[in-house]
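A.B. asks: Below is one structure. I have some questions about it.
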Amino acid sequence: MTPTIYARHPSLVGPLLLVGERTPDRGTVLTGCYFPGHRRGPAIDPAWREDAPAFAEIGAGIDGELAGAGPQPAIRIAFRGGTPFQRRVWEALRTIPRGITVTYAELAERIGMPGAARAVGSAVARNPVSIAVPCHRVVGADGTLTGYAGGVDRKRALLEMEGASLPGARAR
């Protein structure tokens with residue numbers, strides 16, 4: 001089993017806890033990205049090893065994406081845990097372009113499950129790799145900025161940084 005590594009990373013939207021593992025074939029892969037107070041976020045396990053240099057490229061990619069610096073090197077991600085349905089939703093999140101929002105119902109349709117907006121919302125809420133897998137781009141049916149594990153204020157800030165159109169969007 002590959003040991004878990006982590007790093008604390010300052011970002012344009014506040015400090016992040018980056019969690020991952022080093023693999024011989026893929027280098028460092030990101031398995032978690034969490035804000036302080038992140039709903040369902042992990043506590044640092046004593047068995048984890050802090051390794052800031054291992055996350056340098058990932059941190060730079062996140063920073064570049066947040067700053068709108070154009071296409072960034074792909075951040076290698078490995079989903080650990082989650083049901084097959086959740087993983088399907090998380091993969092669909094990765095296809096939402098920067099600055100674009102979709103509703104939970106639209107995302108449900110994209111994965112071929114119209115009518116499953118609530119189940120999609122539940123899966124989105126459990127995304128372990130926020131920012132890198134952009135769950136902040138999913139909004140309520142009426143454009144409302146509904147829950148975000150890092151807080152709705154951060155969700156708004158992320159969308160504003162991306163230049164997303166949020167006419168009349170309000171936090172709930």
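A.B. asks: Full-extension gain between R39 and D25, please, as 0.36 nm times their residue separation minus the C-alpha to C-alpha distance.
C.D. replies: Working: separation 14, 0.36 × 14 = 5.04 nm, distance 3.19 nm.
Net length gain for the segment: 1.9 nm.
A.B. asks: Rounded if a/c is under 1.5, else prolate if a/b beats b/c, else oblate: with a ≥ b ≥ c from the C-alpha gyration tensor eigenvalues square-rooted, which is the stretch 120-167?
C.D. replies: On the way: a/c = 1.84, a/b = 1.26, b/c = 1.46.
It is oblate, given that a/c is not under 1.5 and a/b is not larger than b/c.
A.B. asks: So, with +1 on the Cβ of K and R and -1 on the Cβ of D and E, and no other charges, what is the size of the charge dipole of the stretch 4-67 about its Cα centre, to the nearest 20 debye?
C.D. replies: Working: 6 positive and 8 negative charges, 47 e Å.
Dipole size: approximately 220 debye.
A.B. asks: Could you tell me what percent of the DSSP beta bridges with both partners in the chain are antiparallel, to the nearest 5?
C.D. replies: Percent antiparallel among DSSP bridges in the chain is about 65.
A.B. asks: Can I ask one more? P(r) for the stretch 4-67, please, calculated from all Cα pair distances in 5 Å bins and given in %.
C.D. replies: In order of increasing distance, the bins hold 4, 18, 30, 26, 16, 6, 1 percent.
A.B. asks: Now, a different point. Could you grab the relative contact order for the chain? Cα pairs under 8 Å, six or more apart, rounded to a whole percent.
C.D. replies: Numbers: 274 pairs, mean separation 36.5, N = 172.
That works out to 21 percent.
A.B. asks: Compute the distance in nm between two label points, each set 7 Å from the Cα along the Cα-to-Cβ direction, one at A52 and one at A78.
C.D. replies: Label at A52, label at A78, 2.4 nm between them.
A.B. asks: Ranking W48, W90 by Cβ neighbours within 10 Å, fewest first, what do you get? Walk me through the numbers before you get to the answer.
C.D. replies: Values: W48 15, W90 20.
Ordered from fewest to most neighbouring Cβ atoms within 10 Å, W48, W90 come out as W48, W90.
A.B. asks: Also, I was wondering about something else. Calculate the length of the line joining the C-alpha centroid of the stretch 52-98 to that of the stretch 115-166, in whole Å.
C.D. replies: Measuring centre to centre over Cα atoms gives 15 Å.
A.B. asks: Which of F55, F35, F85 comes first, and how do the rest follow, when ranked by fewest Cβ neighbours within 10 Å? Don't skip to the end; give the middle numbers.
C.D. replies: Details: F55 23, F35 20, F85 15.
So the ranking, lowest neighbour count to highest, is F85, F35, F55.
Every number here is computed from the coordinates shown, using simple stated rules; none is lab data. This structure is a prediction, so every number in the text was calculated from the model and none was measured. Every residue, glycine as well, gets a Cβ built from its backbone with ideal geometry; the counts of neighbours run over all protein chains shown.
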